[in-house]
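To start, the structure itself, in C-alpha cells.
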Amino acid sequence: MTTIRAGGSPATVLRTVLDHGPIARSTIARLTGLSPATVTTTSNRLIDRGLLRERPTVVAVGSRRMGRPHVPIDIADEPMVCGIHLSLTHITVSLVDLRGRVIATDRHAHRGQPPNTVLDVAVELMTELTADRASRVLGIGFAVGGWVDPDRGIVVEHPLTCWNGVAVRELLEHRTGFDVHVDSHVRALVDAECLFGEPRARRSVVQLFVGNVIDAAFATDGLVHAGPGSAAGAVAHMPIEHSTEHCSCGRTGCFQATLSERVLVRDAVRRGIIEVPDFGVLLAAAESGNPSATQLLVDRSYRVGLVSGSLLDILNPEVFIVCDPGMHVLPECLDAVRAGVAESSYGRRDVVDSVLPSSFHGRLLPVAGGASMLGKLYRDPLEQLTGQLAPAL
C-alpha cells in the first residue's frame with residue numbers, strides 16, 4: 001500500500017500514479033485504501049491542474065466489451081519545474097519534468113560575483129531555457145549546500161561562497177513571478193531518491209553529499225527530517241582521526257576541511273598528479289588509468305566510509321547513499337567506502353546491499369535544483385499550484 005502522510009489524498013494519488021501509471025482509478029483505490037469517490041474527485045482535480053492526464057485505451061474493432069471503459073491516468077508530460085543549483089564555482093540551471101527527468105540544462109561560472117549578480121545570470125539562463133515553454137513551468141527550485149532554511153527561503157550560511165543570510169526566495173520571486181522553493185541540495189536529492197530513485201529509500205535513507213561542501217540528510221517514510229531551524233545534516237565539522245587540516249571554524253581535522261573536493265585537488269596539484277586544481281581533471285586522470293589519481297580518490301573514499309559508519313550506527317537507515325562522482329567513475333571507490341563503513345560500524349555489516357551511489361550520476365546538480373521544488377509539489381500538489389504566481393519571465 002502506498003502511504004503518504006503529507007498532503008493527504010492529492011499527494012497519495014499523485015505518488016501512486018507516479019509509481020504505477022498508467023493506472024485505473026479503481027486500482028488506485030485498491031492500492032491506497034482511499035474510497036473510489038475520493039480517488040475520482042482527487043484525480044480530476046489533479047487533471048484540472050495539469051499534473052495528471054488521461055490515457056484513453058484503444059478498444060479493438062469487434063470487441064464485445066460492455067459498459068464504461070476504465071480510462072487509465074498517468075503523470076502529465078508537459079509540466080516541468082526550473083531548477084537552480086549553486087555550487088562553489090558555477091550556477092546550474094535546468095528544466096526537470098514531473099518524473100525527475102532533466103529536459104534541458106545550462107551553467108555559468110560565477111566565482112567571486114555577489115548573489116544579486118549570480119541570480120540575474122540564473123534568470124537569464126532560465127529565460128533562454130524556457131523560451132516557448134514558460135507557460136508549462138510550475139515553479140522554481142533553488143538548491144545549495146550548507147545551512148538553508150526552506151521555511152523562510154533563505155540561505156542561512158554558505159561560507160565558501162559567502163552567501164550568508166541571502167533571501168533567495170524573495171529575490172527570485174521578485175525577478176520571475178514564479179513560486180520559488182529553496183532547500184539544501186542534499187535534502188533535495190533525498191526527495192529525488194524517494195520519488196524517482198532507490199525504492200528502499202522511501203522507508204529510510206541517509207544521504208551524504210561529498211563535494212566542496214560535505215553535508216547529509218535523513219528521511220523516513222519519504223519525509224526528510226530538517227530539525228529546528230532546518231539545521232539538521234550539518235556533518236561538515238565531524239572530526240577526522242589523525243587529520244591536521246585547519247578549518248574555518250577554528251579547529252583542526254573537520255570532515256569538510258579534510259576530505260572536500262577542493263582539498264583533494266590541492267593535494268593532487270602538490271603531488272604533481274594534475275596541473276590545475278580541478279576535480280574533473282582529477283577524475284579524468286583516474287579514469288584514464290593514472291594510478292596516483294586513482295589511489296588518491298580511493299583513499300578519500302575509504303576515509304569517507306570510516307566516518308559514515310558512525311552515521312549508520314546512529315540512524316540505522318535502510319540504505320546509505322553517498323553522492324560522490326568518484327564512486328561512479330571507479331568501482332574501487334565504492335568498494336573503499338563500503339570497506340570503511342564495515343570497519344567502523346558496530347552494527348551494520350551488510351554494507352554491500354545498504355551502501356549505494358546516487359541514482360543520479362551525471363545529473364546530480366540539475367536534479368537537485370529541480371527536486372527542491374518537486375519534493376514540495378509531491379507533498380502537497382494542489383496547495384502549491386493554488387499559490388502559483390503569474391509568470392513574468
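The values are calculated or read from the model by the stated rules, or taken from the named source; none is laboratory data. Only a predicted model underlies this, so the values are computations on that prediction, with no experimental measurement involved. Note: ideal-geometry Cβ built from the backbone for every residue, glycine included; neighbour counts use all protein chains shown.
For region 139-163, filtered to residues that are closer than 19 Å to F178 by Cβ and surrounded by fewer than 24 Cβ atoms within 10 Å (Cβ to Cβ), the residue that is nearest to the chain's Cα centre (by Cα) is P150.
Listed here are the residues, each with its yes/no results for (1) hydrophobic (A, V, I, L, M, F, W, C); (2) closer than 22 Å to E343 by Cα; (3) touching a Cys at 6+ places or on another chain (Cβ under 8 Å); (4) in the same structural domain as V205 (by TED's automatic domain parsing).
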residue	(1), (2), (3), (4)
G233	no, no, no, yes
A257	yes, no, yes, yes
D267	no, no, no, yes
R271	no, no, no, yes
V307	yes, yes, no, yes
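Of the listed requirements (1) crowded, with 16+ Cβ neighbours inside 10 Å; (2) over 22 Å from R262 (Cα atoms), P228 misses just one: (1).
Of all residues in region 190-216, those that are farther than 23 Å from D19 by Cα, crowded, with 21+ Cβ neighbours inside 10 Å and not charged (D, E, K, R) total 7. Scanning region 336-356 finds no residues that are crowded, with 22+ Cβ neighbours inside 10 Å, basic (K, R) and under 14 Å from the mean Cα position of the chain (by Cα). Check region 108-123 and report whether any residue there is part of a strand (DSSP E or B) and touching a Gly at 6+ places or on another chain (Cβ under 8 Å). Scanning region 108-123, I find no residue that is part of a strand (DSSP E or B) and touching a Gly at 6+ places or on another chain (Cβ under 8 Å), so the answer is no.
Looking at this structure, is P391 under 29 Å from I154 (Cβ atoms), part of a loop (DSSP other than H, G, I, E, B) and modelled with pLDDT under 90? Yes, satisfied. Of all the numbered requirements in (1) of a type in the set (A, V, I, L, M); (2) surrounded by fewer than 17 Cβ atoms within 10 Å (Cβ to Cβ); (3) within 21 Å of the chain's Cα centre (by Cα), A131 misses one, and that requirement is (3). If the condition is being over 17 Å from Q113 (Cβ atoms) and either outside the structural domain of V144 (by TED's automatic domain parsing) or surrounded by 15 or more Cβ atoms within 10 Å (Cβ to Cβ) (or both), then region 164-176 contributes A167, R169, E173, T176.
Looking at region 225-255 only, could you name the residues that are in a loop (DSSP other than H, G, I, E, B), among the β-branched types (V, I, T) and without any contact (Cβ under 8 Å) to a residue 12 or more places away in the chain?
Of the residues in region 225-255, the ones in a loop (DSSP other than H, G, I, E, B) are 225-227, 231-238, 240-245, 247-251, 253.
Applying the additional criterion that residues be among the β-branched types (V, I, T) yields 235, 240, 244.
T244, the sole residue that qualifies.
Can you confirm whether region 260-267 contains a residue that is more than 24 Å from the chain's Cα centre (by Cα), part of a loop (DSSP other than H, G, I, E, B), charged (D, E, K, R) and modelled with pLDDT of 95 or more? Taking every residue of region 260-267 in turn, none turns out to be more than 24 Å from the chain's Cα centre (by Cα), part of a loop (DSSP other than H, G, I, E, B), charged (D, E, K, R) and modelled with pLDDT of 95 or more.
Every condition in (1) surrounded by fewer than 22 Cβ atoms within 10 Å (Cβ to Cβ); (2) aliphatic (A, V, I, L, M); (3) touching a residue at least 60 places away in the same chain (Cβ under 8 Å) holds for A109 except the one numbered (3). Once region 193-207 is narrowed to residues that are within 11 Å of the chain's Cα centre (by Cα) and not aromatic (F, W, Y), the residue that is nearest to T89 (Cα to Cα) is Q207. Does region 124-131 include one or more residues that are in a loop (DSSP other than H, G, I, E, B) and assigned by TED's automatic domain parsing to the domain that holds L88? Yes, some residue in region 124-131 is in a loop (DSSP other than H, G, I, E, B) and assigned by TED's automatic domain parsing to the domain that holds L88.
In region 268-279, which residue that is farther than 15 Å from V210 by Cβ and either within 27 Å of the chain's Cα centre (by Cα) or among the acidic types (D, E) (or both) is surrounded by the most Cβ atoms within 10 Å (Cβ to Cβ)? Walk me through how you get there before you give the answer.
To start, the set of residues in region 268-279 that are farther than 15 Å from V210 by Cβ comprises 268-278.
Add one more test, that the residue is either within 27 Å of the chain's Cα centre (by Cα) or among the acidic types (D, E) (or both), and what stays is 275, 277-278.
On the way: E275: 9, P277: 17, D278: 15.
The qualifying residue surrounded by the most Cβ atoms within 10 Å (Cβ to Cβ) is P277.
Could you tell me which of the residues L138, L125 is modelled with pLDDT under 95 and either β-branched (V, I, T) or closer than 17 Å to H174 by Cα (or both)?
Working: L125 fails: modelled with pLDDT under 95.
On inspection, the qualifying residue turns out to be L138.
It is to be established whether one or more residues within region 29-51 are of a type in the set (S, T, Y) and part of a loop (DSSP other than H, G, I, E, B). Within region 29-51, one or more residues are of a type in the set (S, T, Y) and part of a loop (DSSP other than H, G, I, E, B).
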